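Report on the structure given below.
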Amino acid sequence: MEVVPLSTAAEVGAVAADTIEALVRARTDAVLGLATGSSPLPAYQELIRRHRDGSAPSYDGVRCFTLDEYVGLPVGHPESYRETIFRELTDGLGIARDRVASPDASDPEHAGLRYEEAIVAAGGVDVQVLGIGADGHLAFNEPGSSLASATRMKTLTDQTRRDNARFFGSVDEVPRHVLTQGLGTILRARHLLLVATGAGKAAAVAAAVEGPLSASCPASVLQLHPHATVLLDEAAASSL
Ligand code: GLP
């Protein structure tokens, strides 16, 4: 695992943007795995800025897979992860919406297997962008998730629902169920790019990077991956 300590969230965003852009320059048909949440936003904003100023490669041939999705929100809900990724990244890069896949929350029972098949059919994910939850979760794989898990439905912990309440009117409006790529799914991406910023992530980052490989810290699966990069600002690196 390559751990890259940087100073600020903006630097983390710029280095993450460089990584994604370099991939798309090398492979016009790159497959991106996309996380939502606050952590990747500086990277996404930087990619859109470069696209607008004309310095970026074309994203027309790129395909995207989101990491996870809420179950139970009406189609088109602004906080669904599908709408969020359109708004925060892919629309801004001119990527057609039908090139952005997400787990089908309208059919959670069959969505997992179909999503796994769709990722394989696309040739697998080239770069998977990841954030980390304060409890060490990856995507929506909460502590206790199998390290080999596939895309499936999960129940959120109270802490994650409280953490995500800021995007909704109140914690009661945060769905209880989600579809998430599994830890095994994530491990099959060719390059994992985890971004973490802020002191609230310091303990989870330390457990993921320096702690034992354990389902108690799902992000510790990065230790198993041959090409994992962890970009940290000073606060997120403060417990290493
Ligand atoms: C959510 C998402 C994750 C994200 C994590 C951290 O629960 N499902 O994909 O990485 O929270 O979010 P943030 O970056 O906003 O701290």
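The conditions of being part of a loop (DSSP other than H, G, I, E, B), crowded, with 20+ Cβ neighbours inside 10 Å and of a type in the set (Val, Ile, Thr) are not met by Ile186. For the criterion of being surrounded by 15 or more Cβ atoms within 10 Å (Cβ to Cβ), at negative phi, acidic (Asp, Glu) and part of a loop (DSSP other than H, G, I, E, B), Glu79 passes.
Out of all the residues in region 108-166, which are charged (D, E, K, R) and within 16 Å of the ligand (Cβ to nearest atom)? Give the steps one after another, and end with the answer.
Here is the first cut: in region 108-166, the residues charged (D, E, K, R) are 109, 114, 116-117, 126, 135, 142, 152, 154, 158, 161-163, 166.
Scanning region 108-166 gives Asp135, Glu142, Arg152, Lys154, Asp158, Arg161, Arg162, Asp163, Arg166.
Looking across Ala237, Ala189, one residue alone is touching a residue at least 60 places away in the same chain (Cβ under 8 Å), more than 15 Å from the ligand (Cβ to nearest atom) and at negative phi. It is Ala237.
Within the bounds of region 66-80, is there any residue that is closer than 24 Å to Ala14 by Cβ and within 15 Å of the chain's Cα centre (by Cα)? Among the residues of region 66-80, at least one is closer than 24 Å to Ala14 by Cβ and within 15 Å of the chain's Cα centre (by Cα), which makes the answer yes.
Got at least one residue in region 42-61 being of a type in the set (S, T, N, Q), within 11 Å of the ligand (Cβ to nearest atom) and under 20 Å from Val127 (Cα atoms)? Even if it seems obvious, please write down each step before you answer.
Let us first name the residues in region 42-61 that are of a type in the set (S, T, N, Q), namely 45, 55, 58.
When the remaining residues are screened for being within 11 Å of the ligand (Cβ to nearest atom), the result is none.
No, region 42-61 contains no residue that is of a type in the set (S, T, N, Q), within 11 Å of the ligand (Cβ to nearest atom) and under 20 Å from Val127 (Cα atoms).
Annotation: of all residues in region 62-75 being farther than 15 Å from Ile20 by Cβ and away from the ligand (no atom under 16 Å from the Cβ), the one that is surrounded by the fewest Cβ atoms within 10 Å (Cβ to Cβ) is Pro74.
No lab work stands behind these numbers, since they all come straight from the coordinates. On a predicted model such as this, the values are computed, not experimentally measured, just so you know. Here Cβ is always computed from backbone atoms with ideal geometry, including for glycine, and neighbour counts include all displayed protein chains.
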